[in-house]
Amino acid sequence: MARRAFASSADLDDKPQTLEVLGDGVYALTAEGDPNVGAVEGEDFLVCFEAMATPVAARGWLDRLREHTGKPVRFLVLSHYHAVRVLGASAFGAEVIVAHDNTRALIAERGRQDWESEYARMPRLFKEPASIPGLTWPTLTFSDRLAIHLGGDRGELVLRYCGRGHTEGDIVAWLPRQKVLFAGDLVETRAALYTGDAFHREWAAGTLDRVAAFGAETLVGGRGAVARGPDAVAAAIGQTRHFLRVLLREVGAVHERGGTRREAFRAAHAALAGRYGGWPIFEHCLPFDVARLWDELSGVERPAVWTADRDRAVWDELQE
Ligand SMILES: [Zn+2]
């Protein structure tokens, strides 16, 4: 049997993008499992959430947004450090680029390697990669909570850190008035989870508890369709937790009995493929997910840096 193509390197067909208006001045752009982005109108400015992989890709989103509002982008909020969410930042012309303290540290520590790794894994998302001017540096960071006052009677947009999860520095953006939550990659809606830089045990427990506690009625996850209504929001958080728990159970059992990482991958694949195998990026993510969880269970506190070389080595060992 032919080897599976590396990560998403063979996924080269453009996905149709859908702009959804979630409330007065609240927007999301989803794309059938590609990374989602969003925007919130202030009285005389915009807050954008996530930046896409390149300035050229981001310009496509901004052109769509400009059909609804011409306000300038004052704040660009980055939910975490992953390249496909931050490297398009220069297209926004934002006054302020906001992220978590840990995200700035992660960009300094591993931003360059992550860029090379994600480019090889997901080349389609890097539209005109030469348009990227360099790493994206947040200009305002925080540790727990930051409120952006939207002006007029629009209330505020609250940025919150919910604990370690998809990475060490994920933040969510919460609109209390409309009960809309932009959850970043802490929640996926009908897309597989990437956990290669994750803290699985904390994410599956306290972090998702804190995400659920907002009581959102609309949730924009990192990938997949917008969850509309409390039941759909609960389902999205529930399936994220379920995916993590199955991974923890399966990989944990093999680790506990002294098995190999390859056996753990096979066990996790067998347990997850029935429900999640058809979802976007499932095959792409699982080897990296199992590799990180194996390290986590072995006592490796912080995720090892992914490089283009390490990606290939893990892929060749686990995926076939
Ligand atoms: Zn991510």
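With the charge dipole of the range 93-219 set up from +1 on Lys and Arg Cβ and -1 on Asp and Glu Cβ about the Cα centre, the Cα lying farthest toward the positive end among the listed residues THR136, PHE214, PHE126 is that of PHE214. Think of the chain as a dipole: +1 on every Lys or Arg Cβ, -1 on every Asp or Glu Cβ, centred on the Cα centre; then among ALA89, ALA31, PHE265, PHE265 lies furthest on the positive end. Qualifying trypsin sites (Lys or Arg not before Pro) in the range 224-298, where qualification requires a DSSP coil assignment and no more than 16 other C-beta atoms within 10 Å, comprise ARG257.
Compared with the direct C-alpha span, the chain from ARG112 to LEU140 gains 8.0 nm at full extension, assuming 0.36 nm per residue. Spin-label pair GLN17-HIS242: with each label point 7 Å from Cα along the Cα-Cβ axis, the two points sit 3.1 nm from one another. Projecting the Cα positions of LEU78, LEU106, GLY155 onto the charge dipole of the range 65-184 (unit charges on Cβ atoms of Lys, Arg, Asp and Glu, taken about the Cα centre) puts GLY155 furthest along the positive direction. Mean residue ellipticity, 222 nm, helices only, the chain: the sum of -39500 (n - 2.57) across DSSP H runs of n ≥ 4, divided by residue count and rounded to 500, is -11000 deg cm²/dmol.
Using a simple spin-label model with pseudo-atoms 7 Å out from Cα toward Cβ, ALA273 and VAL305 lie 3.5 nm apart. Once the 1.4 Å probe is applied to the protein heavy atoms, the chain comes out at 39 Å² accessible per residue. When the Gaussian network model of the chain links Cα atoms closer than 10 Å, the mean-square fluctuations of THR54, THR141, THR103 top out at THR141. Distance between the 7 Å Cα→Cβ label points at ARG257 and VAL96: 5.4 nm.
Around the Cα centre of the chain, unit charges on the Cβ atoms of Lys, Arg, Asp and Glu (plus for the first two, minus for the last two) sum to a dipole of about 380 debye.
At a 1.4 Å probe radius, carbon and sulfur cover how many percent of the accessible area of the range 1-114?
Carbon and sulfur atoms account for 46 percent of the accessible area of the range 1-114.
Take ARG85: with every protein chain present and a 1.4 Å probe, its accessible area is about 0 Å². When only the Cβ of Lys, Arg, Asp and Glu is charged (+1, +1, -1, -1), the dipole of the range 144-183 relative to its Cα centre reaches about 140 debye.
Shape class of the range 1-133 from the alpha-carbon gyration tensor: oblate, with a/c at 1.5 or above and b/c at least as large as a/b.
Check cross-link reach from LYS127 to the aspartates and glutamates: straight Cα distance under 14 Å, and skip same-chain residues fewer than eight apart. Excluding near neighbours in sequence, the set is ASP11, ASP13, ASP14, ASP34, GLU118. Here the dipole of the range 24-171 is about 300 debye; that uses its Cα centre as origin and unit charges on the Cβ of Lys and Arg (positive) and Asp and Glu (negative).
Computed from backbone phi with θ = phi - 60° and the Karplus coefficients 6.51, -1.76 and 1.60, the 3J(HN,Hα) list for the range 29-44 is 10, 10, 8, 6, x, 6, x, 7, 9, x, 7, 10, 7, x, 4, 9 Hz; x is used for glycine and proline.
Other residues whose C-beta falls under 11 angstrom from the C-beta of ALA234 contribute a net charge of -1, scoring Lys and Arg +1 and Asp and Glu -1.
The values are calculated or read from the model by the stated rules, or taken from the named source; none is laboratory data. None of these values were measured; they are calculated from a predicted model. A quick note on method: Cβ atoms are made from the backbone with ideal geometry, for glycine too, and the neighbour counts reach across all protein chains shown. The accessibility values were calculated without ligands, DNA or RNA, using every heavy atom of the protein model including side chains. Shrake-Rupley method; radii C 1.70, N 1.55, O 1.52, S 1.80 Å.
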